[in-house]
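*Asks:* Below you'll find the structure I mean.
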Amino acid sequence: YILIQMISATAFIEKFRVEWEHTTSLRHNTSVLLRISDREQNRKERSKFMLDKEGFIHRVMSRFLYKYPDLIYQTEIYTFDALYMGGGITYKSRDYNYPTHIYAIIEHENDLNVEEELWKLLIVRLRLKILIFYDYDEHRKTTTRRRDFIVNKISTLQGMINRAHTYLPEAQNVEYLCLVGNRKQANAFLSWKWTKTDAQFQFMPLIDL
């Protein structure tokens, strides 16, 4: 019997923070970071930056390899955006090895349909479920709908989790982690905030300013 240590939401947040600080410190990243930071533009480029092999989410995973050397990064398996997988092999086909363990699934939403991404996380069984999406930039919050976007989304997401749990409760150690990016002003890099289920969905800044 092999006990696999899980990746926690807190550990993921810390690696995400370290990788973001490193990425934004490199001058050659400036132009791409400015482009992907505009929520309403360059959505394909932002997805590529975040999810591609050797992309940002892959590099976050690489920071766990010293502790979890079995980790493998995969994208677009059964329509999940990104997965951290490892352990042994349950089945080996000619084209693919099916691992015994999923450490985390990450869903990345560029647009407004955050609920669909959460629904995909609700129907799988694993310890860490991560949802990354984007708020309106602060200088573009010109309507009540835009100003209340995050409050309304989090309320809806929390309701979805609660309703799902009335039909099929999850283990107490299951964590839902939300990371939300937006710009504090025009021509700035993304700023991130995070929340998780045991924080009662109260947001904290990724980097204390």
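Just so you know, all these numbers are worked out from the coordinates, no wet-lab data involved. As the structure is a prediction and not an experimental result, all values here were calculated from the model. Backbone-built Cβ (ideal geometry, glycine too); neighbour counts: all protein chains shown.
*Asks:* How much mean residue ellipticity at 222 nm does the chain get from its helices, if each DSSP H run of length 4 or more adds -39500 (n - 2.57) and you divide by all residues, to the nearest 500 deg cm²/dmol?
*Replies:* -10000 deg cm²/dmol
*Asks:* Further question: With a ≥ b ≥ c taken as the square roots of the eigenvalues of the C-alpha gyration tensor of the range 45-86, please select rounded if a/c is under 1.5 and otherwise prolate if a/b is larger than b/c or oblate if it is not?
*Replies:* Oblate shape, in that a/c is at least 1.5 and b/c is the bigger or equal ratio.
*Asks:* Local charge sum around residue 60 (other residues, Cβ-Cβ under 11 Å, Lys/Arg +1, Asp/Glu -1)?
*Replies:* Charge balance near residue 60 sits at +2.
*Asks:* Just want to confirm a number: the relative contact order over the range 91-209, from Cα pairs under 8 angstrom separated by 6+ residues, in percent.
*Replies:* Once normalised by length, the contact order is 22 percent.
*Asks:* Taking K and R as +1 and D and E as -1, what net charge do the other residues with C-beta under 13 Å from the C-beta of residue 173 add up to?
*Replies:* +1
*Asks:* What is the P(r) of the range 98-209, as percent of Cα-Cα pairs per 10 Å bin from 0?
*Replies:* 13, 45, 30, 11, 2
*Asks:* Tally Lys and Arg at +1 and Asp and Glu at -1 over the other residues with C-beta under 15 Å from the C-beta of residue 121: what net charge comes out?
*Replies:* Once positives and negatives cancel, what remains is -1.
*Asks:* Quick one: what Rg and Dmax do you get for the chain from the alpha carbons, in Å?
*Replies:* Using the Cα atoms of the chain, the pair Rg, Dmax is 17.3, 57 Å.
*Asks:* Over what distance in Å are the Cα centres of the range 14-57 and the range 186-206 separated?
*Replies:* Comparing the Cα centres of the range 14-57 and the range 186-206, I get a distance of 16 Å.
*Asks:* If I model a spin label as a point 7 Å beyond the Cα along the Cα-Cβ vector, how far apart are those points for residue 74 and residue 139 in nm?
*Replies:* Going from the residue 74 label point to the residue 139 one covers 4.3 nm.
*Asks:* Quick one: check the C-alpha center-to-center distance for the range 119-174 versus the range 90-116, whole angstrom.
*Replies:* 18
*Asks:* Determine, for the range 61-209, the count of lysine pairs separated by eight or more sequence positions (or lying on different chains) whose alpha-carbon distance falls under 21 Å.
*Replies:* 14
*Asks:* If you place +1 on the Cβ of every Lys and Arg, -1 on the Cβ of every Asp and Glu, and leave all else neutral, what size is the dipole of the range 50-209 about its Cα centre, to the nearest 20 Debye?
*Replies:* With only Lys, Arg, Asp and Glu charged at Cβ, the dipole is about 220 debye.
*Asks:* Here is a further query. Mind checking the range 107-200 for trypsin sites (Lys or Arg not before Pro) that DSSP puts in a loop (not H, G, I, E or B) and that have at most 11 other Cβ atoms within 10 Å?
*Replies:* Sparse-neighbourhood loop trypsin sites (Lys or Arg not before Pro): 125.
*Asks:* Taking Cα pairs under 8 Å and at least six residues apart, what relative contact order does the range 126-192 come out at, in percent?
*Replies:* Relative contact order here is 53 percent.
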